[in-house]
Structures are given as C-alpha cells and as structure tokens.
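Colleague: Below you will find the structure I want to go over with you.
Coordinate-derived values only; no laboratory data. Every value quoted in this text rests on a predicted model; they were computed, and no experiment measured them. Note: ideal-geometry Cβ built from the backbone for every residue, glycine included; neighbour counts use all protein chains shown.
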Amino acid sequence: MLVHDWSQIGKEELNPKIVRQVVHTGNATVAKIQLAKGAIVPEHSHVHEQITILLSGRVKLICQDREQIVEAGQMIQMPPDAPHGLEALEESQAIDVFTPRRDDWVRQS
C-alpha cells in the first residue's frame, strides 16, 4: 500500500491559469487540477476513459457540440475518444481519474 500526500507532489504549471499535480499507478492516473477563473482547456480527445470530480467552483464543459454547466459536487464521466474542452467560470478545483494510465503525462527524468 502507498499513501500519497498532495502537499508533497510537485505542481506543474500548464499555463498561467492551470496547474496540475499527478499520481500514476500501474493502470490509472489521478490528477488534481487548479483552474483560475477564465482558464480554457482547448477541445481535445484521448483514448482514456476519464472521470472528473469537481471539488469547488463551476465550469462550462463542451462535449460533442453540447455545453453543460458543472458545479462543485458534480462528476463528469467522459468516454474514450470523445472530443471535449472546458472553461472555468470561476476559480475551480477538480480531481481527474484516467484509465488506462496517461503515459503521455509521465515525466521523463
């Protein structure tokens, strides 16, 4: 068993409005995402199934030309290969879970 402490996990600034922390297991990736108000995650897709748990804030999710407002306490289930993006309507924090593991996010040492 491993215990991970977010306060001990490095922060990666993707841009001035988005910061992530990442933990990889053998089969999954878990990320803690900080979004400043106005942060944009451009439309993208990936082979991973994704679950996003919005811990705080509010975001506008755009998926397959449909917009959905998601609020703290709600969870998004995104199927593999579905084009999606979002905009933070206010400062927000989320936990993303991906399966299989996001090997494209594994840092090269």
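Colleague: With +1 assigned to the C-beta of every Lys and Arg and -1 to the C-beta of every Asp and Glu, and no other charges, what is the dipole magnitude of the chain about the Cα centre in debye, to the nearest 20?
Modeller: About 240 debye.
Colleague: Let me ask you something else. Describe numerically, in nm with one decimal, the distance between label points set 7 Å from Cα along Cα→Cβ at HIS24 and at ARG107.
Modeller: Placing both labels 7 Å beyond Cα along the Cβ direction yields 1.2 nm.
Colleague: Same structure again: So if we plug the beta-carbon distance of GLU13 and SER45 into 1/(1 + (r/R0)^6) with R0 = 25 Å, what FRET efficiency do we get, rounded to 0.05?
Modeller: It comes to 0.60.
Colleague: Let me ask something else about it. Find out how many positive minus negative residues lie around PRO83, taking Lys and Arg as positive, Asp and Glu as negative, among other residues whose Cβ is under 10 Å from that of PRO83.
Modeller: -3
Colleague: Still on this structure, please answer the following. Which order do peptides 58-65, 92-99, 75-82 fall in by mean Cβ count within 10 Å, highest first?
Modeller: Per-residue mean Cβ counts within 10 Å order the peptides as 92-99, 58-65, 75-82.
Colleague: For the pair SER56/GLU71, report the inter-label distance in nm, with labels modelled 7 Å from Cα in the Cβ direction.
Modeller: Those two pseudo-labels are separated by 1.7 nm.
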